[in-house]
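Below is one structure, written out as structure tokens; comments come after it.
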Amino acid sequence: MIYLNNAGTTWPKPESVNQAIARFNELPPDQWLAVFEEGIQTVTNFFGISHPDRFLFTQSCTQALTTAFSDFAWQPGDRLIISTMEHHALSRWFYKLQQERGVEGVIIPRGEDSPFDLELFEHELKKGARMVAISMASNVSGEILPFEDIVRLSKQYDAFCLLDGAQTAGIIPIDIADLDPDIFVFAGHKGPYGTQGIGGLYISERVPMACPSAACEITPGSKTSSAFPTYCDAGSAPMMTIAGLTAGIKWMESKGWDQLITHRQRLVSQLRSGLASMESIEVIGSQTYGRYTAAVSIRSASLSISELKETLWSDHEILGSAGFQCAPLAHEALGTHQTGTFRLSVGPMNTEEEVEILLKAF
């Protein structure tokens with residue numbers, strides 16, 4: 001099988017990840033804390049998070065977003081700005097907060113040849129905004145949004161900025177200390193090579209939270225608990241998957257960023273250029289923008305999305321992702337809301353030979 005759905009879940013996992021999961025299942029409870037502490041240190045170091053006490057493990061990126069949005073100190077009339085390229089896990093809160101909290105919503109469209117109109121964004125920021133919440137990259141088109149400029153402009157106009165790193169964590173280097181967003185969430189089962197059931201949430205000390213006060217443990221000298229979310233809010237720390245994520249990140253670090261990025265970019269370039277040369281294939285999104293993750297979405301002039309998936313699997317055992325990718329706003333913006341797309345996404349385990357087999361299959 002040629003697996004090309006790494007933007008959904010990376011596979012196969014490194015053997016060290018499988019071993020870490022198996023080892024944890026045999027650990028006695030008195031050793032679980034050490035696994036948790038190693039996980040915190042590994043993840044916060046990996047992302048350049050300088051305040052580990054502001055980081056929580058969650059059971060998914062969706063859960064991290066839910067905790068962040070639901071516990072933020074919203075006020076009626078607050079303006080929330082998002083992009084058209086959002087995953088449903090983020091965009092659903094855009095609508096929910098308008099319905100339930102009296103928040104005003106603004107959606108920034110695509111630019112002329114980019115996934116995000118920075119000029120219009122700044123225009124909207126000048127009107128005032130409480131929060132900007134954007135995906136760092138589209139899970140449909142693979143385009144990386146100009147998140148550095150988005151964070152910079154958000155700060156300039158005194159808006160809190162939430163970055164959704166589901167599609168960029170483990171794909172591009174992310175240094176939270178340098179980038180300095182107010183909130184950062186990520187999925188551990190994609191780029192960082194953890195298993196399903198792990199994500200993370202970082203919230204800067206600048207961010208006002210209004211979560212219900214609940215203390216999980218006794219803190220010497222403290223009689224009240226913080227408004228900052230705890231595992232009482234996010235749920236129990238997923239210890240087994242923390243062990244797997246720790247091993248996944250250490251595997252990546254052993255390979256080195258330069259090697260992983262070079263390999264991935266070579267495969268993505270081969271894939272995109274090969275598909276773009278085929279008259280019967282439409283590559284979705286800008287073809288000249290230049291900043292992409294490992295994902296590319298297509299449509300075929302002769303086959304439906306489901307037929308494309310079934311034919312590639314039955315004839316060539318090539319597995320991609322067919323459908324609407326849980327991103328209705330993005331599909332509307334990209335003009336694929338009627339058909340969906342067939343998404344192909346490479347990972348470190350894929351090879352140039354596999355990409356060539358795919359292109360020959362087309």
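The values are calculated or read from the model by the stated rules, or taken from the named source; none is laboratory data. Remember, it's a predicted structure, so these values are computed and weren't measured experimentally. Here Cβ is always computed from backbone atoms with ideal geometry, including for glycine, and neighbour counts include all displayed protein chains. Protein only, heavy atoms only, side chains kept; ligands, DNA and RNA dropped before computing areas. Shrake-Rupley method; radii C 1.70, N 1.55, O 1.52, S 1.80 Å.
Counting Lys and Arg as +1 and Asp and Glu as -1, what is the net charge of the other residues whose Cβ lies under 12 Å from the Cβ of Leu65?
Working: positive: Arg92, Lys96; negative: Asp71, Glu86, Asp164.
Charge balance near Leu65 sits at -1.
Do you know the relative contact order of the chain, to the nearest whole percent, from alpha carbon pairs under 8 angstrom that are 6+ apart? Walk me through the numbers before you get to the answer.
On the way: 700 pairs, mean separation 93.1, N = 362.
Relative contact order of the chain: 26 percent.
Place a label point 7 angstrom from the Cα of Asp149 along the Cα-to-Cβ direction, then list the residues of the stretch 102-124 whose backbone nitrogen is under 19 Å away.
Taking a point 7 Å out along Cα→Cβ of Asp149, the residues of the stretch 102-124 whose backbone N falls under 19 Å are 107-124.
Among the GluC sites (Glu not before Pro) in the stretch 267-362, which ones are in a DSSP loop with at most 14 other Cβ atoms within 10 Å of the Cβ? Mind listing them? The partial results should precede the final answer.
Values: sites: Glu279, Glu282, Glu307, Glu310, Glu317, Glu332, Glu352, Glu353, Glu354, Glu356; in loops: Glu279, Glu317.
Here the GluC sites (Glu not before Pro) that fit, given the DSSP loop and packing criteria, are Glu279, Glu317.
Each label point is 7 Å from the Cα along the Cα-to-Cβ direction; what then is the distance between the points at Ser254 and Ser314, in nm?
About 4.2 nm separates the two model spin labels.
Using a 1.4 angstrom probe and counting only protein chains, how large is the accessible area of Cys326 in Å², to 10?
80 Å²
Using a 1.4 Å probe on the protein chains only, how many percent of the accessible area of the chain belongs to carbon and sulfur? Provide the component values of the computation, followed by the final result.
Values: 7890 of 15560 Å².
Carbon and sulfur together cover 51 percent of it.
Between the stretch 110-189 and the stretch 239-297, what is the separation of their alpha carbon centroids in Å?
Here the two parts' Cα centres lie 19 Å apart.
Leaving out ligands and nucleic acids, note down the accessible area per residue over the stretch 28-100 with a 1.4 angstrom probe, in whole Å².
Each residue of the stretch 28-100 exposes 42 Å² on average to a 1.4 Å probe.
At 7 Å along the Cα-to-beta-carbon direction for both Asn25 and Ile357, put a label point, then send me their distance in nm to one decimal.
If labels sit at Asn25 and Ile357, their model points lie 2.9 nm apart.
When Lys and Arg each count +1 and Asp and Glu each count -1, what net charge do the other residues less than 12 Å away from Ile176, Cβ to Cβ, add up to?
Details: positive: Arg54; negative: Asp175, Asp178, Asp180, Asp182.
Local charge sum for Ile176: -3.
Give me the extension gain from Gln196 to Met278: residue separation times 0.36 nm, minus the current Cα-Cα distance, reported in nm with one decimal. Can you show the working numbers first?
Working: separation 82, 0.36 × 82 = 29.52 nm, distance 3.50 nm.
Extra length from Gln196 to Met278 when fully extended: 26.0 nm.
Give the ranking of Tyr292, Tyr193 by solvent-accessible surface, highest area first, calculated with a 1.4 Å probe. Could the numbers behind the result be given before it?
Values: Tyr292 50, Tyr193 0 Å².
Greatest to least solvent exposure: Tyr292, Tyr193.
Rank Met349, Met239 by accessible area, highest first, at a 1.4 Å probe radius? Kindly include the intermediate steps, with their values, before the conclusion.
Working: Met349 70, Met239 35 Å².
In descending accessible area the options line up as Met349, Met239.
Structure shown: which of Lys309/Lys360; Lys13/Lys360; Lys127/Lys155; Lys13/Lys250; Lys126/Lys155 lie over 19 Å apart, alpha-carbon to alpha-carbon?
Details: Lys309/Lys360 15 Å; Lys13/Lys360 27 Å; Lys127/Lys155 14 Å; Lys13/Lys250 12 Å; Lys126/Lys155 12 Å.
The pairs that break the limit, which is 19 Å between Cα atoms, are Lys13/Lys360.
Among (1) 0.95; (2) 0.98; (3) 1.03, which one is Rg/Rh (Cα atoms, Kirkwood Rh) computed from these coordinates?
(2)
With the contact rule set at Cα under 8 Å and sequence spacing of 6 or more, what percent relative contact order holds for the stretch 49-109? Don't jump to the answer; show the numbers that get you there.
Numbers: 51 pairs, mean separation 22.6, N = 61.
Relative contact order comes out at 37 percent.
Out of residues 5 or more away from Ile108 or on other chains, whose amide H comes under 5 Å of its own, with H placed 1.01 Å from N in the peptide plane?
For Ile108, the qualifying residues are Ile82, Ser83, Thr84.
Under the rule a/c < 1.5 gives rounded, and otherwise a/b versus b/c splits prolate from oblate, where does the stretch 6-70 land using the Cα gyration tensor? All intermediate terms of the calculation are to be shown ahead of the outcome.
Numbers: a/c = 1.70, a/b = 1.20, b/c = 1.41.
It comes out oblate by the Cα gyration axes.
If amide hydrogens are placed 1.01 Å from N in the peptide plane, which non-local residues have theirs closer than 5 Å to the one on Ala322?
Hits under the 5 Å cutoff: Arg343.
Determine the relative contact order of the stretch 64-172: mean sequence separation of Cα pairs under 8 Å and six or more apart, normalised by residue count, in whole percent. Please report the intermediate quantities before stating the final value.
On the way: 165 pairs, mean separation 28.1, N = 109.
Taking the mean separation of contacting Cα pairs over the length of the stretch 64-172, I get 26 percent.
Top mean-square fluctuation among Arg110, Arg152, Arg264, Gaussian network model of the chain, C-alpha springs under 10 Å?
For the chain, modelled as a Gaussian network with Cα springs under 10 Å, the answer is Arg152.
Let me spell out the model: positive unit charges on the Cβ of Lys and Arg, negative unit charges on the Cβ of Asp and Glu, origin at the Cα centre of the chain. What dipole size does that give, in debye rounded to 20?
On the way: 26 positive and 42 negative charges, 71 e Å.
In debye, rounded to 20, the chain gives about 340.
Using a Gaussian network model on the chain with a 10 Å cutoff between Cα atoms, which of Ile82, Ile298, Ile281 fluctuates the most?
Highest fluctuation of the listed residues: Ile281.
What FRET efficiency do you get for Phe36 and Arg206 if R0 is 30 Å and r is their Cβ-Cβ distance, rounded to the nearest 0.05? Please report the intermediate quantities before stating the final value.
Working: r = 26 Å, r/R0 = 0.86.
Calculated value: 0.70.
Quick one: 3J(HN,Hα) in Hz for the stretch 235-242, Karplus 6.51/-1.76/1.60 with θ = phi - 60°, rounded, Gly and Pro as x.
These are the phi-based 3J(HN,Hα) values: x, 4, 4, x, 4, 5, 6, 4 Hz.
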